[in-house]
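Report on the following structure.
Derivation of every value follows stated rules applied to the coordinates shown; laboratory data play no part. This one's a predicted model, so the numbers in the text were calculated from it and none came from an experiment. Every residue, glycine as well, gets a Cβ built from its backbone with ideal geometry; the counts of neighbours run over all protein chains shown.
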Amino acid sequence: MRLSAYFLPTMKETPAEAEIVSHRLMLRAGMIRQASAGIYSWLPLGLRVLKKIERIVREEQDRSGAHEVLMPTIQSADLWKQSGRYDDYGKEMLRIEDRHGREMLYGPTNEELITDIFRSAVKSYRDLPKMLYHIQWKFRDEVRPRFGVMRGREFLMKDNYSFDLDYEGSKRAYNKMFVSYLRTFARMGLKAIPMEADTGPIGGNLSHEFIILADTGESEVFCHRDFVDFDVLGSAVDYEADLEPLVQSWTKLYARTDDKHDQAVFEKEVPEDKRLNRRGIEVGHIFYFGTKYSEPLGALVATPEDEQVAVHMGSYGIGVSRLVGAVIEASHDEAGIIWPEPVAPFKVGLMNLKTADAACTQACDETYAKLGGAGVEVLYDDRDERPGAKFNGMDLIGLPWQLIIGPRGLDKGLVELKERRGGEREELSLESALARLTA
RNA sequence: CGGAGCGUAGCGCAGCCUGGUAGCGCACCACACUGGGGGUGUGGGGGUCGCAGGUUCAAAUCCUGCCGCUCCGACCA
């Protein structure tokens, strides 16, 4: 992408509304614009990141055996009345009346709707298990939206729902999601720690939150220090195998959010030098809730004995738009964002130090074409600007690599390559730089 | 929803206390200089001072109401 043609409204100064670092950087890097409290427009650079995160989430969901659907943002109140949540949900649910006076709502979650879809189609245990997910905008009219996209009112969420004949089946689904989540977050360069969590208004009794440790996190968390060194990407996962041992290995050490925390147990199970008490960002939450919705909504299937039983369900959420903020909270420095490569909006920032120099510009243009031809995503600062006025937002927008080409270096056959993380510049030949970036 | 604060040009702010008809920096436009990382100089453009009432000869400034936004707390992907 040529910067001269792109829409990248960066800011030197931070808008007064932004308090935490990810919010400030997202605004300054031209990723988002606030539309109203807790509601954001995504600008090109931010949207690229959002899409990359979404794609990783989708790939890992598919890999685990889930099937993608897409349910609407607007739902009818009827199903919610059946489940009993129309009254329970309170003011957080945005209620709308259509022109015929029918009660509608902007979906804060989709248990009811997916259960309705399921019950209308599945009648037998033979069709189980099933996992259905979608990635859709949700609306929760938070009392107090804050922290930019980390706690918006409108947010993009992946929510998956599992359907099984019994608890054992549900536990297998739960384990799949558990493992899938570890891999999903790891692919984004995040260390997410699964912690025992409260089930909240969704209900149920088996629940983990996936927490990114960060000082600006919203909740207090307690866990065993060894979690910090756990590595998940090491081996591929066979989702058809028994995942229980793997899940056990991730749940045997103490890790709980503050509502589940028990100081006495913490001190008993974790040696003092291994106790970690930090703040964390919740990026995922998985629940088993049995027949909480299938019973009131009549999602019944026939067993092998031809009995009608309510299916056991679980739901599994990932805050996709929140993750954009979470990645930044976990990865930045004074100068700006440091994108992990898998979610970076571009891999390389290419900078022409002297656009007035024909040879330099030609070298830059050719480099841009070569990188593009090799499938490398490049943001190319090709603008004809004065020397000191050169866009210096490359550190701010945090692309993994910066390739800097100027006439002085070209005379010696050298260009500069800078890795954003670490920030050291290296002089090398253009060929070596290209080889490095296309490797 | 309890507590605190803020709305003045695209962004950051001053002016308000003590009313006299709006200013600074960045950004933007033009020209010149300049070319190894958020230039320099000169000249410009842009604002119903959140909205509505009120007080006054006169309101960004004082009073009342409303709207919007932020922060701290309780709630949540």
Next on the checklist: How would A:Phe185, A:Phe118 line up from fewest to most surrounding beta-carbon atoms within 10 angstrom?
Outcome noted: A:Phe118, A:Phe185
Item to check | Computed over the range A:284-416: relative contact order in percent, which uses C-alpha pairs under 8 Å that are six or more apart | outcome: 24
Item to check | Relative contact order for chain A, counting Cα pairs under 8 Å that sit 6 or more residues apart, in percent | outcome: 17
Checklist entry - Given the C-alpha centroids of the range A:409-439 and the range A:3-63, what is the distance between them in whole angstrom? => result 28
Checklist entry - Once the Cβ-Cβ distance between A:Ser432 and A:Glu240 is put in as r, and R0 is 56 Å, what FRET efficiency do you end up with, to the nearest 0.05? => result 0.80
Checklist outcome for this item: Note on chain A: helices (DSSP H) long enough, at least 24 Å by alpha carbon along their axis, and hydrophobic enough, mean Kyte-Doolittle at least -1.0, are A:44-63, A:167-187
Next on the checklist: How charged is the neighbourhood of A:Glu92? Take every other residue with its Cβ under 12 Å from the Cβ of A:Glu92, and add Lys/Arg as +1 and Asp/Glu as -1.
Outcome noted: +4
Next on the checklist: Please enumerate, by chain and number, the lysines with C-alpha under 24 Å from the C-alpha of A:Lys354, excluding those fewer than 8 residues away in the same chain.
Outcome noted: A:Lys12, A:Lys370, A:Lys390, A:Lys412, A:Lys418
Checklist outcome for this item: Residues whose built amide H sits under 5 Å from the amide H of A:Glu68, excluding neighbours closer than 5 in sequence, are A:Tyr133
Item to check | Neighbour-count order for A:Asp238, A:Asp365, fewest beta carbons within 10 angstrom listed first | outcome: A:Asp238, A:Asp365
Next on the checklist: Can you tally the net charge around A:Tyr288? Count Lys and Arg as +1, Asp and Glu as -1, for every other residue whose Cβ sits under 13 Å from the Cβ of A:Tyr288.
Outcome noted: -1
